[in-house]
1. Could you please find all residues in region B:1-38 being touching a Lys or Arg at 6+ places or on another chain (Cβ under 7 Å) and part of a helix (DSSP H, G or I)?
2. Of all residues being polar (S, T, N, Q) and within 13 Å of DNA strand C (Cβ to nearest atom) in region A:18-31, which is surrounded by the most Cβ atoms within 10 Å (Cβ to Cβ)? Just the residue, please.
3. Can you find a residue that is more than 9 Å from DNA strand D (Cβ to nearest atom) and within 13 Å of chain A (Cβ to nearest Cβ) anywhere in region B:36-45?
4. Of all residues in region A:39-58, which are in a helix (DSSP H, G or I) and more than 38 Å from the chain's Cα centre (by Cα)?
5. Does B:T33 count as in the same structural domain as B:K201 (by TED's automatic domain parsing) and of a type in the set (S, T, Y)?
6. If I ask for residues that are surrounded by fewer than 18 Cβ atoms within 10 Å (Cβ to Cβ) and more than 9 Å from DNA strand C (Cβ to nearest atom), which ones from region B:34-47 would you list?
7. Can you report the number of residues in region A:163-200 which are assigned to a loop (DSSP other than H, G, I, E, B), more than 15 Å from A:S92 (Cα to Cα) and more than 24 Å from the chain's Cα centre (by Cα)?
There are 2 protein chains.
Amino acid sequence: MKEENLALCLLLSKKGALLSKIKLSTFSLARQTGFSQQSISRKLRELETDGLIERAASTSGIELIFTQKGKNELESFYLELKDIFSKKKSQSLKGKVVDGLGEGSYYTAIPQYKEQFKKLFGFDLFPGTLNLEVDPAQRNIFTSAPPIQIEGFKTAQRTFGGINCWPCKVNSKVSAVAILPHRTNHPANIIELVAPINLRKKLSLENKSVVEVKLQ
Amino acid sequence: MKEENLALCLLLSKKGALLSKIKLSTFSLARQTGFSQQSISRKLRELETDGLIERAASTSGIELIFTQKGKNELESFYLELKDIFSKKKSQSLKGKVVDGLGEGSYYTAIPQYKEQFKKLFGFDLFPGTLNLEVDPAQRNIFTSAPPIQIEGFKTAQRTFGGINCWPCKVNSKVSAVAILPHRTNHPANIIELVAPINLRKKLSLENKSVVEVKLQ
DNA sequence: ATTACTAACTTACGAGTAT
DNA sequence: TATACTCGTAAGTTAGTAA
């Protein structure tokens with residue numbers, strides 16, 4: 001259906017037109033929707049032409065009911081929204097192993113970061129990170145969980161930014177930490193994992209291997 | 001939001017714009033929605049003007065995220081549809097006792113109908129019906145349950161139409177049958193009850209008394 | 001009372017193009 | 001490349017009114 005008729009269809013649904021014929025007038029619908037009587041008349045004729053409702057107009061008003069096609073179109077809007085809003089924030093994502101930019105490796109070599117990792121997660125970092133290419137939308141959902149923060153610091157030379165961390169499990173077996181520096185050059189489809197061990201070796205991964213990452 | 005932008009907002013949501021900033025181009029959105037690049041540009045600016053998204057355009061693309069207002073508007077669509085589609089088909093309705101048109105009383109006096117009632121429901125009809133004024137939408141839901149049919153018949157003089165029947169319980173106490181003649185002059189906000197007894201007396205009802213009718 | 005046609009008005013759209 | 005302005009055209013809206 002034309003989207004601009006969605007509110008009208010919602011109103012008709014509330015009146016029961018998904019279940020049985022309902023009788024109404026273009027005038028009353030006009031009052032309830034803010035459109036003119038003439039526009040409602042036209043819109044209902046459009047919905048009929050598009051096969052979304054059955055309509056029987058007379059001088060005493062209009063009787064109408066949704067067709068199966070009409071019900072389906074309305075329900076598909078519902079299902080899309082349901083998907084968006086009732087999604088158990090799927091705290092897992094699939095990623096494809098790719099070569100890293102070295103950004104993460106750089107961080108894992110810096111003592112001040114290493115100390116904080118040890119303090120927060122109880123392990124010494126394996127030097128190097130596992131870079132995963134993921135669906136950016138999925139990554140957004142993943143990283144919308146509250147992160148554990150590694151704090152930035154300054155040296156005489158420069159400023160080091162903070163890092164967001166999410167403890168996770170890779171392939172339901174190996175514990176790791178997904179990291180995202182506050183200021184990063186990473187594109188939105190990359191996420192980096194650090195761990196106390198060499199993840200590539202432990203999981204026998206090559207480039208293009210696919211792994212599953214679950215929040216913990 | 002303008003309804004005509006709903007599909008665009010759904011697309012943005014799927015890309016994760018409810019949760020975090022996403023980066024995209026008007027051109028790619030145009031391809032995915034079927035609108036022109038110019039229209040997407042205009043629509044995004046509209047959404048920003050309406051306070052539904054935050055938008056940062058540059059020569060490398062657009063970064064955007066839904067505002068709370070935008071999230072709310074989208075969610076309200078969802079909640080309305082949820083209401084419509086996940087409604088436990090409330091098979092009960094409230095009705096206000098009103099004087100009848102006598103239509104039901106007429107039917108309950110005709111032997112061929114009386115016999116069928118006896119056969120289907122096992123009781124002799126009390127002569128007369130209880131007329132209830134109900135919400136037409138609620139009645140539609142109620143009567144969308146599969147009815148038990150009393151069949152029409154012909155005499156030398158005229159044709160008598162069929163009657164749809166729904167066994168029910170009034171005020172959770174007294175059994176009755178809601179009836180709706182196939183061809184009726186009743187307005188959509190009236191439903192009639194028949195029973196083996198005088199419902200008005202049994203339930204001490206006057207005009208304007210409110211009763212609850214539950215499908216059985 | 002209705003529905004819905006006509007005609008005038010208003011808004012939306014997108015090709016061309018500037019930046 | 002990107003966004004977005006201009007402007008001619010298409011589509012949507014509604015007041016008046018017929019049926």
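1. Across region B:1-38, the qualifying residues are B:N5, B:L8.
2. Among residues in region A:18-31 that are polar (S, T, N, Q) and within 13 Å of DNA strand C (Cβ to nearest atom), the one surrounded by the most Cβ atoms within 10 Å (Cβ to Cβ) is A:T26.
3. Yes, region B:36-45 contains a residue that is more than 9 Å from DNA strand D (Cβ to nearest atom) and within 13 Å of chain A (Cβ to nearest Cβ).
4. Across region A:39-58, the qualifying residue is only A:S41.
5. no
6. Answer for region B:34-47, where residues must be surrounded by fewer than 18 Cβ atoms within 10 Å (Cβ to Cβ) and more than 9 Å from DNA strand C (Cβ to nearest atom): just B:R45.
7. Residues meeting the conditions: 4.
Condition check ((1) farther than 12 Å from B:I62 by Cα; (2) in contact with an Asp or Glu (Cβ under 9 Å, 6 or more places away or on another chain); (3) of a type in the set (D, E)) across all residues:
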residue	(1), (2), (3)
B:N5	yes, yes, no
B:C9	yes, yes, no
B:S13	yes, yes, no
B:I22	no, yes, no
B:S25	no, no, no
B:S36	yes, no, no
B:L44	no, no, no
B:L47	yes, no, no
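The values are calculated or read from the model by the stated rules, or taken from the named source; none is laboratory data. Here the structure is a predicted model, which means the values were calculated and not measured. Note that we place each Cβ from the backbone using ideal geometry, even for glycine, and neighbour counts take in every protein chain shown.
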